[in-house]
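The values are calculated or read from the model by the stated rules, or taken from the named source; none is laboratory data. As the structure is a computational prediction, the values presented were derived from the model and not from experiment. Note that each Cβ is placed from the backbone with ideal geometry, even for glycine, and that neighbours are counted across all protein chains shown.
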Amino acid sequence: MACSAVEIPALQIWAKMYHEYEGMTDMLTGTMMEELATIITCVTGDARHRRTIYEADQDFERFDKTLNVLLIANFKDTATLWEFLRASLRQCHIHKLSKVGKDKAAWEKADVYLTNLMDSDTVLTLENTDEAIKRAQNYMHDRSLCWACWS
């Protein structure tokens, strides 16, 4: 029996559920990097969201357990995990840069590129983020050339 365009094979559904519940989705969207940044700054940051040292330590312990589960379930070794974490951090930075500053349009191009990759269930690599950064740089370069022509 062939699958129609609207049917999703059971294995694919299982894989998506596994993917979601192992924390990979949070990492793919940069959420885990933002969470780590919050844990680092929460004891001295905004008073409305300030945490005690003990609460921050508990959060970090949970973060560590999540990383260990991810390492065992999804990565062959720690080096592969760290490369993925670097790519995820870059994606988080690119997403933030796409929202602020004079070059936000350039970074939005990079953010859209990475978002499209993630929407296609591509696990981000350093090469993907290098390509996204190049796209932003090329856009900024082209825009500066355009301004030079008008000057």
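Which members of region 74-87 meet the condition of being part of a helix (DSSP H, G or I) and more than 17 Å from the chain's Cα centre (by Cα)?
Correct list: THR78, ALA79.
If you go through region 119-130 one residue at a time, do you hit one that is loosely packed, with under 11 Cβ neighbours inside 10 Å, under 19 Å from MET32 (Cα atoms) and under 17 Å from the mean Cα position of the chain (by Cα)?
Yes, region 119-130 contains at least one residue that is loosely packed, with under 11 Cβ neighbours inside 10 Å, under 19 Å from MET32 (Cα atoms) and under 17 Å from the mean Cα position of the chain (by Cα).
Is at least one residue of region 98-108 of a type in the set (Gly, Ala, Ser), surrounded by fewer than 17 Cβ atoms within 10 Å (Cβ to Cβ) and in a helix (DSSP H, G or I)?
Looking for residues that are of a type in the set (Gly, Ala, Ser), surrounded by fewer than 17 Cβ atoms within 10 Å (Cβ to Cβ) and in a helix (DSSP H, G or I), one finds at least one in region 98-108, hence yes.
Test each condition in (1) at pLDDT 80 or above; (2) more than 18 Å from the chain's Cα centre (by Cα); (3) of a type outside the set (A, V, I, L, M); (4) under 27 Å from LEU117 (Cα atoms) for THR52 and report the one that comes out false.
(4)
On the basis of being over 16 Å from THR31 (Cα atoms), free of Cβ contacts under 8 Å to residues at least 60 places away in the same chain, hydroxyl-bearing (Ser, Thr, Tyr) and in a loop (DSSP other than H, G, I, E, B), does THR122 make the cut?
Considered against the rule, which asks whether it is over 16 Å from THR31 (Cα atoms), free of Cβ contacts under 8 Å to residues at least 60 places away in the same chain, hydroxyl-bearing (Ser, Thr, Tyr) and in a loop (DSSP other than H, G, I, E, B), THR122 comes out as yes.
For region 70-87, enumerate the residues that are out of contact with any Gly (no Cβ under 6 Å at 6 or more places or on another chain) and surrounded by 12 or more Cβ atoms within 10 Å (Cβ to Cβ).
If the condition is that a residue be out of contact with any Gly (no Cβ under 6 Å at 6 or more places or on another chain) and surrounded by 12 or more Cβ atoms within 10 Å (Cβ to Cβ), then LEU71, ALA73, ASN74, PHE75, THR80, LEU81, TRP82, GLU83, PHE84, LEU85, ARG86, ALA87 are the ones that fit.
Here's the yes/no breakdown for (1) within 21 Å of ILE94 (Cβ to Cβ); (2) modelled with pLDDT of 80 or more; (3) among the hydroxyl-bearing types (Ser, Thr, Tyr); (4) part of a loop (DSSP other than H, G, I, E, B):
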{"residue": "LEU36", "(1), (2), (3), (4)": "yes, no, no, no"}
{"residue": "ILE40", "(1), (2), (3), (4)": "yes, yes, no, no"}
{"residue": "THR44", "(1), (2), (3), (4)": "no, yes, yes, yes"}
{"residue": "ARG48", "(1), (2), (3), (4)": "no, yes, no, no"}
{"residue": "ALA56", "(1), (2), (3), (4)": "no, yes, no, no"}
{"residue": "ASP59", "(1), (2), (3), (4)": "no, yes, no, no"}
{"residue": "ARG62", "(1), (2), (3), (4)": "no, yes, no, no"}
{"residue": "LEU67", "(1), (2), (3), (4)": "no, no, no, no"}
{"residue": "ILE72", "(1), (2), (3), (4)": "no, no, no, no"}
